[in-house]
Structures are given as C-alpha cells and as structure tokens.
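In what follows, a single structure is set out as structure tokens and then discussed.
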Number of protein chains: 2
Amino acid sequence: MSENKIPYKIYLEEKEMPTAWYNLRADMKNKPAPLLNPGTHQPMTAEELGGVFCEELVKQELDNDTAYFDIPEDIRNFYKMYRPSPLVRAYCLEEKLKTPAKIYYKFEGNNTSGSHKLNSAIAQAYYAKKQGLKGVTTETGAGQWGTALSMACSYLGLDCKVYMVKCSYEQKPFRREVMRTYGASVTPSPSMETEVGKKILAEHPGTTGSLGCAISEAVEKAVTNEGYRYVLGSVLNQVLLHQSVIGLEAKTALDKYGIKPDVIIGCAGGGSNLGGLIAPFMGEKLRGEADYQFIAVEPASCPSFTRGTYAYDFCDTGMVCPLAKMYTLGSDFIPSANHAGGLRYHGMSSILSQLYNDGLMEAISVKQTDVFEAAEYFARVEGILPAPESSHAIRAAIDEAVKCRETGEEKTILFGLTGTGYFDMVAYEKFHDGQMDDYIPTDEELAKYRAMLPKID
Amino acid sequence: MSENKIPYKIYLEEKEMPTAWYNLRADMKNKPAPLLNPGTHQPMTAEELGGVFCEELVKQELDNDTAYFDIPEDIRNFYKMYRPSPLVRAYCLEEKLKTPAKIYYKFEGNNTSGSHKLNSAIAQAYYAKKQGLKGVTTETGAGQWGTALSMACSYLGLDCKVYMVKCSYEQKPFRREVMRTYGASVTPSPSMETEVGKKILAEHPGTTGSLGCAISEAVEKAVTNEGYRYVLGSVLNQVLLHQSVIGLEAKTALDKYGIKPDVIIGCAGGGSNLGGLIAPFMGEKLRGEADYQFIAVEPASCPSFTRGTYAYDFCDTGMVCPLAKMYTLGSDFIPSANHAGGLRYHGMSSILSQLYNDGLMEAISVKQTDVFEAAEYFARVEGILPAPESSHAIRAAIDEAVKCRETGEEKTILFGLTGTGYFDMVAYEKFHDGQMDDYIPTDEELAKYRAMLPKID
C-alpha cells in the first residue's frame, strides 16, 4: 500500500484483536533466571508462590515454554471497552521536526486509568475472582497501576486495597479520589498498618516512601489476610505476558500496511510496557526471522539498566518478596524525591534483564528536564499531554528522528506512548516554574547500595 | 447486519469522516431570532459583528440558508489527530441495568482538552489565523473550552488569553497548568484587568464569578486590543455548526449498521454538544424524513429551558455583547457556588431555544447528587470516568433505559458523552464525602432575575 494511504490512526477491528497473549520466554534461548526463595535461595515452587499469587498467575509466572496463552473471553470483552488502542502515525511531529524518519506510536492512554496498566490489571483481577478470592492488595507509585486495578476490581466485584507511595499520595490527591470512585481503599506508604511499614518508619522517619516499601506492605497485607492475594503491575513475567497485547496489536496494525519498524523504543521502570511492546518483534529477532533495534529509556535518576548490576536482589525494601535476578540499583535505593518523572523502581524485569545482558537490546538514560521539554513539545505538536513516564520514550524518539534529519536516514521509529499526564500537573508546574532539577546519583551513592546486594551464586 | 455483529466501539475510517459541517438552520422553518445590537435593538450587521469575531465566523454566524460549509483541509487534518471519536455500544451498562433498551454513546473525551470543545476551538482559531490576527481571547468555566482553545492556538501559533471563572480557577488549579503547557495565559475572572471586571468586583466583592462575567471581560479585552478577536465555546450558531461533526459522525456510524435511534439525549449548558449531536437527526425530522425524540438535560440549579423565559437577553453579565433571543434565567443569574456539575450558563443557544419553543425537542432538569450517582455508576460499569456535565445525559439515559425495563420497550437510546472528569475530582470528592447538596433556585429568586430582563418587542 502506498505511503500516503496510511491514516493518522490505525485502529484494528475487533475481530483483529489478539485472542492469546504471547509469552516471549518461549523463544528465549537463555531463559530468565528463576525467582528464589529468600530463605533457602532455592527456586520458588508453585506452591510457595501460591501463598502470594493466584494459582493461574503462578502458572503463567513459571511457564518458560508455552508460547501462547489464550485470553479468556471475559477479559477480551473487557479489553473491547478500551481497546484496540490506536497506532498513531505522528505526521505532525515529523513535519515539525523536519525529519525524513517515519514515527509511529502505540497510544495506551485512552482509558480512565490513563495507561497500559489496565491490560494486566483486568487479567490479574479476573484470575483472583475465578479462584473465589475476596480481594487483592497492591502498591502504586504514580497511581496509574492503582487506578487500573481499582477499575478492574470494581468491574468484577473484588475488594481492592492499595498502598500508594507517600510522595505520590501527596502530589496526586486526585488519583486517590479516582480510586475511591472505583471503590478502592488507598493508604499512603509506609504506613502503620503493617509490621514492615512500622519498621521502615522507625528506621527512616519522614521518608517519602518508595515502590519497594509499598510492595512490602501490600505483600504482608495479602499473606496475613484470608482470601487475599497480592498483585503487581510490573516486573513480573506474568505482567509482561499480559502486556504483550500492546505489541501484538501494534504488529498487526503495522503488518496491515506493510510497515516494518527499524527502531522500537519504550520507557522502562519495571519493564511492563517495554516488555509488552517489544514482545512479538523480539520474538522474530530471537527466531532469526527479522532484526530490530530495541531501546529501553530510563531516567538518569534511577538508572537500573545503564548503571545497575545484573544480580539477584530483593524486589522490595522489606525483603519479604522472592529474590529476582535483574539489573538493579539495590533494594534500598530510593530515587531523589525531586524526581517527578515516574519509573522510580530500583530493579527491572528479569526477562528484559536477560535480553539486555545477552546484547539483544540497548538502554539509555535521560535527564528529567530533557524529558519534560520533550513532553511539552509533543503535547503542543501532537495534541496529547503525555505522562512523564511515557515522555522518556518521546525524548528518545525525538532524538532519534533528529539524528535521521542529520544523516538523511528514513528510519521507521515505533515508540510506546504509555499514558497521559492529566494527574501529573504538579510536575508540569514545577517544570514551568523552573523548579525541576536533574539530580543524578553519584558513583559513591550507587556503590553503597551495590555493596548491600545479597550474596547469591 | 445482525445485532450481534455490532462491535463495542464503532470507529469510522478516515475517509468516512465528514468533509462539511451541517448547518441545521437551513432546514428550520422558523429561523432562530437574530442577534440584536444592545444599543439600537436592531439586528447586528456583519460589520458590527466583525469588531468582535473573525470575518469568516461572522458569515457562519449569520447564514441561515447554506446547508453545508466545507471543512478546510487544515482543520480536517487536525481532526484526524483525535477524531473520528468512537460511537460506543454500552453493552456492559445494558447488562447491568437488565434493560431491553440498546444504549449507544458518542464519546468525545478522548483528547487532551477532555471534551468535544476542541471541534469548534480549532475551527475558530483557524479562521483567526487565516485572517492574520495575533491572538484570541475567551472565557472558560469548567476549563474544557479554555484547554481546547489553548491546544488549537498552540498548534497554529496564535496568542491565547483565557478568563477563567474564579470558582473553577480555584477548584481546578491543574486545568490552568494544562493551558499553560499549551502556552496560554489564564486570569481568574472577575479580574482587575478590565473595566467590566473592576465594575463587577466593586458591585459584588468576593464573587466567585460566572460565565457571564468572564465573557464580558474576554470581549472587552478583544475589542480594546489591536489584532485580537473574541471566540466563544458555546451558544453561538457558528459553534453549533462546527459541533455538527459529532452528529454527522454518529449518524454515519449508525447508518453503517442500519441502526435508527428512538431517543437522542444530550446535556445542555449553552447547547454546543446537544446542538452538534442532534443536528443531522433534527434535520431529518425538520424535512419530514424521520422522527426522533430529543431530550435536553440541564441541571436543576440552572434550569434555562425548564424554568427560564424565551426572550431577548444579554449573553453576558457586563451587557457588552449583542442581545440574543433564548431561553434564559436572566444575565445576572449565577447558579449556587455549591453546584459543581458544570452547565452554569444563564442562557441557551438561539437555535435550540427556537426548536424547543416549536415543540421539536423536550427538556428535563436533574439534581446534582443524582447526576453524580449516575456518574459513579457509569464509571464502574463502562470504565470511563465522565465529566459532571456529561453525566447529566448519563442520568437521563439510565432513567430512560430503566423505564424500558419496566415497560419492556426495546428502545434505541443515543446519548452524548461529551467528556471526561479527570479535572473534576474535587467535585467527586465532595460527592464521596456527602458534602454535595441539591440547591434549586426558588420561584422568587427566578422571578427577581426575570423582572430584570431587557424589554424588547
């Protein structure tokens, strides 16, 4: 099909939507390292994981071989309320940048949670409901995951208990109100509701919290309450599996128009969006069917890939979770409170960590003010007000397109626009008022936390 | 096509998008009454209006005969960034309500301004730019129109000056920040920046403002600054013309599947959404080609249609604008500050007023807490967090569907879901905390303002 026939937005028809999630691990030669029991340092068994997660999700978590998991009909119907998400050709951005590059983005922000997180939230809530549970607990940072889970639980009639990182809770009062609209209870973390919360508050009074703390509290709440399980919005294998719907839709849309991306870019905090977006493309690369350049973009203030260590580490500050092998800054690392751009998690998905370690993917880090500059630029040109997290990918995509302008290369760039920034206006305000800085951790600081990594063979 | 083939969301293809706006006035036997010069009480001439509005928009405002106006290519391209908007089949809502009714809604919230307002904002900014103007001034209440205009101006490189009703400015600090992201300047109204603002503040110190006040300030600013014109987000004939894109898309989508709505419902403040949604359907009714039931839904606290007077009145509190014949509560009427549900304008589109007066359309009013109940219910069932304004239509649609459950009628209901409530969480919080009331103006109060209407034959 000729170039000028490509619409501004490619929407798949309902019948073209994926009916199965794609499990990238099935095509990986080097499988991601298994989760370890924090006590014995032995691989976690399904039985052990079953105390924390639903049965079906444990299966998905541990299965490195099955390539496709059918999406249950109820989940597919829920997806139809806000999916397929549009694959957008950024004509206006291309024109403004005067680049020969062709830029596409998969926009996941057109739902009330404001991000891609809903794709996994509904899946995790569905399996909890199916198992006859009363409810689920979780943590949330920027609030997108908590909102997504609240929506999914409200739809299915499950109880939902959210521990929200304290600095976000204070910066984003309206996020709490949205979760409340969906019937969830929201507690700022660390809290006095859990033993681990009390301990963290005693050791670090006045802490603004971290995802790692909030995870510990949510896990404790789940394992100490009958009929509850813990759910997590990123990092885990099961989450990347669910998020493959992003990449599958994107690939179907591109294939319809005979477009093959050269570069695929995504922001990376725990890796859920990036892992989902790249999944089917990386699958082709792993099977030797096609080649793509993959770029993970992380904040310079929380540089897990670019300055972290590939090692077993705790997933949470309270060290109640299993150990995961991943690129990590250490489970005690907490990014500067001034960092408003999300992606604050100390570690990274084991799948993505393995791919990065195998040289199948690149990573770069970007500074906060550069991210917000890109965000504002993008908002004015493409109309969409992006989430700070997503804007990391925008920054990298713009830089790549500008390089093309200089070299004359007509690359096709695909990036993930994970969500909208409607609840991030405090951060935008700081940016407008010149009160945002680019704090980057020093080598000494990183070395300190690196030295605290658990010693595992 | 059989019933079960109708998808959750009907998206038109780009080539199916309207290429011309439909001017409902061309098919009206009783034309809407002309705007009058506030001094002479004679119909406003194109020349007089040209001091306030762009030339092209003056033409659109005054033309009661041309049925279609071509949409310029630049505007059509801008539309492609966020349109076509989905026509959604509310399967989940139908199931939850156990109604035999079929419910559809045209969802205009999937853009950064969060509402349908962008449809007219880009048109008005385009014509201002084409005329070589420097910038535009406007007022905004809930902030959706101001945001929309900021986006359009930023895209076209026009200066944008927004007077924001003070109570909204205070309730919605983040709206201001979004407008700032798009480079607009935002002033709480009434302000000391204009003569009319000073006068209003002197007479009513401590007033929380009203749309009527803000309009007066914006008009004054435009007419006293070289190279500026005033633009308005509702009420005017030109705005309803631009908003016909909503109805045209909706009708094309329904026609594709052979669906004919029985009832068409929209919220009504100034009438822009309702007028746009019903336009092509009302056209058929006026031409005797089809019949539909139309229902305007307004807040009980600002009941222009249901308790107002059909008379010439000022469009603004400062009485600097032309007089319009409309259903009005009087230009000095300001709804209770407790009313958080939007649609606070004292008057109503002249087109809709004429149709209502001719018995071609019905109107009902709904109470604030009933509106928020419907909003929360809808959010939980359909996933979308609706704007308070839109939720007036949701309330009426749900009530209609429940009636169908009782009578067994399989009516097809179409309503306009004009926008999202992400910036309305203060109102939702009040609702959750039980601090919202249902203030309704007394007959004495309404009589007082009715007595102040200008005396025109």
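All of the numbers you see were taken from the coordinates with simple rules; none came from a lab. Predicted, not measured: the structure shown is a model, and the values here were computed from it. Glycine gets a Cβ as well: all are built from the backbone with ideal geometry, and neighbour counts include every protein chain shown.
Each other copy places its own label point for A:Lys130 at 5.5 nm from this one, sorted shortest first, where the point lies 7 Å along the Cα-to-beta carbon line. Working note: Cα atoms of the range B:1-59, range along each principal axis, descending, whole Å: 60, 26, 17. Between A:Thr407 and B:Thr407, the modelled labels are 6.8 nm apart [label points 7 Å from Cα along Cα→Cβ].
If the limit is 28 Å between Cα atoms, which of B:Lys106/B:Lys367; A:Lys166/B:Lys96; A:Lys5/B:Lys9; B:Lys106/B:Lys130; B:Lys59/B:Lys198 go over it? Distance filter (> 28 Å) returns A:Lys166/B:Lys96; B:Lys106/B:Lys130; B:Lys59/B:Lys198. Taking Cβ separations below 4.7 Å as the criterion for a possible disulfide partner, the isolated cysteines in chain B are B:Cys54, B:Cys92, B:Cys167, B:Cys213, B:Cys267, B:Cys302, B:Cys404. Take each residue in A:425-433, count the other chain C-beta atoms within 10 Å of its C-beta, and the mean is 4.
At a 10 Å Cβ-Cβ cut-off, how would you order B:Thr40, A:Thr140, fewest neighbours first? Write out the running numbers ahead of the final one.
On the way: B:Thr40 9, A:Thr140 30.
Listed from fewest to most nearby Cβ atoms, that is B:Thr40, A:Thr140.
Between copies, the label points of B:His41, set 7 Å from Cα on the Cα→Cβ line, lie 9.6 nm apart, reported in increasing order to one decimal in nanometres. Put simply, the convex hull of the Cα atoms in chain A casts, on average, a shadow of 20.1 nm².
Could you tell me whether the range A:130-195 comes out rounded, prolate or oblate from its Cα gyration tensor? Rule is a ≥ b ≥ c as square roots of the eigenvalues, rounded for a/c under 1.5, then prolate if a/b exceeds b/c, otherwise oblate. Oblate. Farthest towards the positive end of the charge dipole of the protein assembly as shown, among the residues A:Gln238, B:Gly146, B:His204, is the Cα of A:Gln238, using unit charges on the Cβ of Lys, Arg, Asp and Glu. In plain terms, the chain from A:Asn64 to A:Asp291 could stretch by 79.5 nm, reckoned as 0.36 nm per residue minus the Cα-Cα distance. State whether the range A:366-446 is rounded, prolate or oblate according to the following rule on the C-alpha gyration tensor (a ≥ b ≥ c being the square roots of its eigenvalues): a/c under 1.5 gives rounded; otherwise a/b larger than b/c gives prolate, and the remaining case gives oblate. The shape class here is oblate. Here the dipole of the protein assembly as shown is about 460 debye; that uses its Cα centre as origin and unit charges on the Cβ of Lys and Arg (positive) and Asp and Glu (negative).
Given chain B, what percent of its DSSP beta bridges are antiparallel, to the nearest 5? Please list the in-between numbers first.
Details: 18 of 51 bridges.
Restricted to chain B, the bridges split so that about 35 percent are antiparallel.
Among residues other than B:Met436 with Cβ under 11 Å from its Cβ, the summed charge is -4 (Lys and Arg +1, Asp and Glu -1).
Label-to-label distances for A:Ala290 across copies, nearest first, come out at 4.2 nm, using points 7 Å from Cα in the beta-carbon direction.
For chain A, the residue among A:Ala268, A:Cys302, A:Leu35 whose Cα projects farthest onto the positive side of the dipole built from Cβ charges is A:Ala268.
Projecting the Cα atoms of B:Ile351, B:Ala374, B:Ala427 onto the charge dipole of the range B:317-457 (Cβ charges, centred on the Cα centre) puts B:Ile351 farthest toward the positive pole.
Report the convex hull volume per residue for the range A:252-369, counting only C-alpha atoms, in Å³. Working shown, then result.
Values: hull volume 13.4 nm³, N = 118.
Cα convex hull per residue, to the nearest whole number: 113 Å³.
With loop membership from DSSP and a limit of 12 other Cβ atoms within 10 Å, the longest segment of chain B without GluC sites (Glu not before Pro) is B:14-225.
Count the net charge of all other residues whose Cβ sits under 14 Å from the Cβ of B:Lys367, scoring Lys and Arg as +1 and Asp and Glu as -1. Don't skip to the answer; put the middle values down first.
Numbers: positive: B:Arg307, B:Arg395; negative: B:Glu298, B:Asp370, B:Glu373, B:Asp399, B:Asp437, B:Asp438.
Computed value for this residue: -4.
On the beta carbon distance between B:Glu55 and B:Thr224, with R0 = 25 Å, the FRET formula returns roughly 0.80. By DSSP, the beta bridges lying fully in the protein assembly as shown are antiparallel in about 35 percent of cases. Counting neighbouring Cβ atoms within 10 Å and putting the fewest first, the residues B:Val196, A:Val263, B:Val162, B:Val297 line up as A:Val263, B:Val196, B:Val162, B:Val297. Answer rounded, prolate or oblate for the range B:76-210, using the Cα gyration tensor with square roots of eigenvalues a ≥ b ≥ c: rounded when a/c is under 1.5, else prolate when a/b is larger than b/c, else oblate. Oblate is the answer for the range B:76-210, as a/c is 1.5 or above yet b/c matches or exceeds a/b. Legend: translational diffusion of the protein assembly as shown by Stokes-Einstein, Rh = Kirkwood radius over C-alpha pairs, 25 °C, 0.890 mPa s; D = 87 µm²/s.
What longest region of chain A stays clear of trypsin sites (Lys or Arg not before Pro) that DSSP places outside H, G, I, E and B and that have at most 14 other Cβ atoms within 10 Å? Working shown, then result.
Working: sites that count: A:Lys29, A:Lys98, A:Lys134, A:Arg287, A:Lys455.
By the stated rule (loop sites, at most 14 other Cβ atoms within 10 Å), A:288-454.
A Förster radius of 51 Å combined with the Cβ-Cβ distance from A:Glu73 to A:Thr442 puts the calculated FRET efficiency at roughly 0.45.
Pairs of alpha-carbon atoms within less than 8 angstrom and 6+ residues apart define the contacts here; what relative contact order does chain B have, in percent? Please list the in-between numbers first.
Values: 1001 pairs, mean separation 89.6, N = 457.
Dividing the mean separation by the residue count of chain B yields 20 percent.
Here A:Lys5 and A:Glu284 are evaluated by their C-beta separation; at R0 = 25 Å the FRET efficiency comes out at 0.50. Note on A:Thr40 and A:Lys455: their simple-model spin labels are 2.3 nm apart, each label 7 Å out from Cα toward Cβ. The residues neighbouring A:Tyr163, those whose beta-carbon lies less than 10 Å from its own, together hold a net charge of -1 under the Lys/Arg +1, Asp/Glu -1 convention. DSSP assigns beta bridges within the range B:255-390; of those with both partners inside it, close to 40 percent run antiparallel.
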